[in-house]
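*Asks:* Take this structure first; my questions come after.
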Amino acid sequence: MPPKTKVTKEMILDASLKIIRKQGHENLNARSIAKYLNCSTQPILYNFKTVDEIRDTVYRIADEYHSRYIMPKQDDGDPFLALGLNYVRFACEERNLFRFLFQSDKFSGKDLDTLLNDPQLEEMISVMRKQLGIKKAKAKQVFLSFFCLAHGLASLLGNNAMQYDEKQCIRILESVFDGAAMENGG
C-alpha cells in the first residue's frame, strides 16, 4: 500500500484559494477543502487552528495577487487609466476574488485614509503629482475620486455580470480623471 500523501499548509492554502475563485468565499470550510484535497478534515485542522485562520492567510495571498494584477506595466501608456482598467478587469475576470477582497467582512474596518496612505500607492501618487503638477494632498484627492469611480464600475460589472465594454470604461475613467484633475488644480 502506498504511503498517504502528506497534506501541507501550502496545499490547503492553494486549495482554499481555488475554492474561493470557483465557488466564492462563502463556500470555504473544512469540508470543502477536505473534499478538494481528497482527505479528511483532520489534516486541515491540524495545520490551521480554525478556518478563519485559513481565510485570513488566503486573504493576504489574494490581496498580493490583486495588487500585482492591477499595477500598470511599463508599456501600458497612461498609468492611471491602466490602473483603473486593470481594477475593473479584475472584478470581471475574478468575480469571486473581488467579492472576497472588497465585499466581505475581511475588508471591513479599513477607511479611505488607510487606502490613501498605503505604501503601494506612493509611486502612483508621485507620478500623478509630476504629471499634473500638483501637491501630494491634491494628488491623493484626484486618486480618491478616480478610485471610487473605478471601484463602482468594478462592482457593477463584477457583481451583476454586466458586459465589459473596454471603450466605454476608458471614456468614463478618462472623464472622471480629467474632471478630478481640473477640479484639484491639475
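The values are calculated or read from the model by the stated rules, or taken from the named source; none is laboratory data. Everything numeric here is computed off the predicted structure, so don't read it as measured data. Positions of Cβ are backbone-derived with ideal geometry, glycine not excepted, and every protein chain shown enters the neighbour counts.
*Asks:* Hey, does the range 8-27 have a residue that's more than 20 Å from Phe98 (Cα to Cα) and in contact with a Leu (Cβ under 8 Å, 6 or more places away or on another chain)?
*Replies:* yes
*Asks:* Considering only the range 1-25, how many residues are among the acidic types (Asp, Glu) and at pLDDT below 95?
*Replies:* The number of residues fulfilling the criteria is 0.
*Asks:* Out of curiosity, is Asp52 within 23 Å of Asp14 (Cβ to Cβ) and either under 12 Å from the mean Cα position of the chain (by Cα) or surrounded by fewer than 19 Cβ atoms within 10 Å (Cβ to Cβ) (or both)?
*Replies:* Against the criterion (within 23 Å of Asp14 (Cβ to Cβ) and either under 12 Å from the mean Cα position of the chain (by Cα) or surrounded by fewer than 19 Cβ atoms within 10 Å (Cβ to Cβ) (or both)), Asp52 qualifies.
*Asks:* Quick check on this structure: which one of Ile61, Ile12, Ile44, Ile33 is more than 24 Å from Glu93 (Cα to Cα) and hydrophobic (A, V, I, L, M, F, W, C)?
*Replies:* Ile44
*Asks:* Applying the selection to the range 34-44, what residues are without any contact (Cβ under 8 Å) to a residue 24 or more places away in the chain and within 11 Å of Val7 (Cα to Cα)?
*Replies:* Listed by number, the residues that qualify are Ala34, Asn38, Ser40, Thr41, Gln42.
*Asks:* Output the helices (runs of 4 or more DSSP H) that fall wholly within the range 51-136 and possess 3 or more residues being assigned by TED's automatic domain parsing to the domain that holds Phe177, in contact (Cβ under 8 Å) with a residue 60 or more places away in the chain and touching a Leu at 6+ places or on another chain (Cβ under 8 Å), or say none.
*Replies:* In the range 51-136, 79-93 are the helices (runs of 4 or more DSSP H) which contain 3 or more residues that are assigned by TED's automatic domain parsing to the domain that holds Phe177, in contact (Cβ under 8 Å) with a residue 60 or more places away in the chain and touching a Leu at 6+ places or on another chain (Cβ under 8 Å).
*Asks:* Considering only residues of the range 55-106 that are touching a Pro at 6+ places or on another chain (Cβ under 6 Å) and not aliphatic (A, V, I, L, M), which is surrounded by the most Cβ atoms within 10 Å (Cβ to Cβ)?
*Replies:* It comes out as Pro72.
*Asks:* Select, from Asp118, Asp105, the only residue that is closer than 29 Å to Arg171 by Cα and modelled with pLDDT under 95.
*Replies:* Going through Asp118, Asp105 in turn, just one is closer than 29 Å to Arg171 by Cα and modelled with pLDDT under 95: Asp118.
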